[in-house]
Amino acid sequence: MRVQIYIDGGNFHFLALKPLGITENNFDFDAFANFLADERTISENGKRYYVGTVREKEGDLRSKYLMSLQTKLFNTLKKTLWQIKTSKLRERTEKVKIDARIENYQHIKRQGIHEIVIHTFREKGIDVKIATDIMAGAVDDKFDLAILVSSDTDLVPMIDWIRFRLKKKVEYIGFSIEDKTGGGQSVRPTQALIGRSDRQRVLIESDLRKFILS
């Protein structure tokens, strides 16, 4: 059976790597791909990684550092013939007022702090790129089974289309990782994708730890 592997990098980071306390550069993606293939044939250009790109901001040392880490990752992946698909990261600024919703808010306000400004980044269009590539691969008969490492439910219509219209199979890779800090942030697989795929594999911490680079 011919397979292609599609990894949503941002999704994978937050659902698998971050709970384990590691970064992408400490993870052996190529060995992981072979594990996912499970002795099935990975087709040509069949290892695909999707992620939002980090851009350096003038005077921002953190952005420079993050960009250097991502460049290192891309260079490593390219050596083993991964196809890297990127999108821009959009910055979002949110202001949170210090009020009764926040624990010890009165103490915080006495310090002269009345609001907190939070800068976050969000990927734009990654789900569209993944869906488009899987559909194109299915139409061009590049694989028999797509291995999807993403818990994005926006991909469900695409999954339905290639399964029922083109008779291609989809294997969903989900994660179940306990939050050992007690903060209630345990990772669980997405039921919508479990119910819409032909095969499902839920990976736990021990499955992933063997791919951590020393």
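Here is a list: Lys180, Lys129. Which entry is under 30 Å from Ser63 (Cα atoms), in a helix (DSSP H, G or I) and not aromatic (Phe, Trp, Tyr)? Before you say what the answer is, go through the steps one by one.
Working: Lys180 fails: in a helix (DSSP H, G or I).
Unique residue meeting the criteria: Lys129.
Looking only at region 38-55, filter to residues that are crowded, with 22+ Cβ neighbours inside 10 Å and under 15 Å from the mean Cα position of the chain (by Cα); which one of those is nearest to Phe14 (Cα to Cα)? Write out each step before concluding.
Initial filter on region 38-55 (crowded, with 22+ Cβ neighbours inside 10 Å): 46-51.
The next check asks that each one be under 15 Å from the mean Cα position of the chain (by Cα); those that pass are 47-51.
Details: Lys47: 20, Arg48: 18, Tyr49: 15, Tyr50: 14, Val51: 12 Å.
Filtering region 38-55 for residues that are crowded, with 22+ Cβ neighbours inside 10 Å and under 15 Å from the mean Cα position of the chain (by Cα), the one nearest to Phe14 (Cα to Cα) comes out as Val51.
Any residue that is farther than 22 Å from Met135 by Cβ, touching a Phe, Trp or Tyr at 6+ places or on another chain (Cβ under 6 Å) and either in a helix (DSSP H, G or I) or of a type in the set (Lys, Arg) (or both) - is there at least one of those in region 53-70? Can you show your working first?
The initial filter retains those residues of region 53-70 that are farther than 22 Å from Met135 by Cβ, namely 53-70.
Narrowing further to those that are touching a Phe, Trp or Tyr at 6+ places or on another chain (Cβ under 6 Å): none.
Scanning region 53-70 turns up no residue that is farther than 22 Å from Met135 by Cβ, touching a Phe, Trp or Tyr at 6+ places or on another chain (Cβ under 6 Å) and either in a helix (DSSP H, G or I) or of a type in the set (Lys, Arg) (or both).
Among the residues of region 121-151, the one identified as in contact with a Ser or Thr (Cβ under 8 Å, 6 or more places away or on another chain), at pLDDT 95 or above and within 23 Å of Ser186 (Cβ to Cβ) is Leu148.
Only residues that are buried (at least 19 other Cβ atoms within 10 Å of the Cβ) and among the hydrophobic types (A, V, I, L, M, F, W, C) were counted across region 18-35, and they come to 4.
Could you tell me whether Thr190 is touching a Phe, Trp or Tyr at 6+ places or on another chain (Cβ under 9 Å), modelled with pLDDT of 80 or more and closer than 17 Å to Leu15 by Cα? Yes; evaluated as a whole, the condition is true for this residue. Among the residues of region 36-53, those that are among the aliphatic types (A, V, I, L, M) and over 16 Å from Glu24 (Cα atoms) comprise Leu36, Ala37, Ile42. Could we say that Ala100 is surrounded by 13 or more Cβ atoms within 10 Å (Cβ to Cβ) and either in a helix (DSSP H, G or I) or modelled with pLDDT under 95 (or both) here? Taking the combined requirement at face value, the residue does not satisfy it.
Can you go through Phe35, Phe14 and tell me which one is free of Cβ contacts under 8 Å to residues at least 12 places away in the same chain and either over 16 Å from Leu213 (Cα atoms) or not hydroxyl-bearing (Ser, Thr, Tyr) (or both)? Exactly one residue qualifies, and that residue is Phe14. The set of residues from region 136-192 being of a type in the set (Val, Ile, Thr) and exposed (fewer than 14 other Cβ atoms within 10 Å of the Cβ) comprises Val139, Thr181.
Provide a single number: the residues in region 144-169 that are in a helix (DSSP H, G or I) and more than 14 Å from Ala131 (Cα to Cα). Explain how you work it out, then say what you get.
Within region 144-169, the subset in a helix (DSSP H, G or I) is 153-164.
Checking which are more than 14 Å from Ala131 (Cα to Cα) leaves us with 164.
The qualifying residues number 1.
If you take the residues in region 183-214 that are part of a loop (DSSP other than H, G, I, E, B) and β-branched (Val, Ile, Thr), which one is nearest to Ser151 (Cα to Cα)? Can you show your working first?
The initial filter retains those residues of region 183-214 that are part of a loop (DSSP other than H, G, I, E, B), namely 183-186, 188-190, 196-198, 204, 210-211, 213-214.
Then drop every residue that is not β-branched (Val, Ile, Thr), which leaves 190, 204.
Numbers: Thr190: 6, Ile204: 15 Å.
Applying the filter and picking the extreme gives Thr190.
Flag: Gln200 matches the condition of being surrounded by fewer than 18 Cβ atoms within 10 Å (Cβ to Cβ) and under 21 Å from Met1 (Cα atoms).
The rows are residues; the columns are (1) of a type in the set (S, T, N, Q); (2) free of Cβ contacts under 8 Å to residues at least 60 places away in the same chain; (3) farther than 16 Å from Leu36 by Cβ.
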| site | (1), (2), (3) |
| --- | --- |
| Lys129 | no, no, yes |
| Asp140 | no, yes, yes |
| Asp152 | no, no, yes |
| Ile159 | no, yes, yes |
| Tyr172 | no, yes, no |
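Restricting attention to region 1-33, the residues that are under 16 Å from Phe143 (Cα atoms) and either in a helix (DSSP H, G or I) or not β-branched (Val, Ile, Thr) (or both) total 5.
The values are calculated or read from the model by the stated rules, or taken from the named source; none is laboratory data. Note that the coordinates shown come from a computational prediction; the quantities given were computed from them, not determined experimentally. All Cβ positions, even for glycine, are placed from backbone atoms using ideal geometry, and neighbour counts span all protein chains on display.
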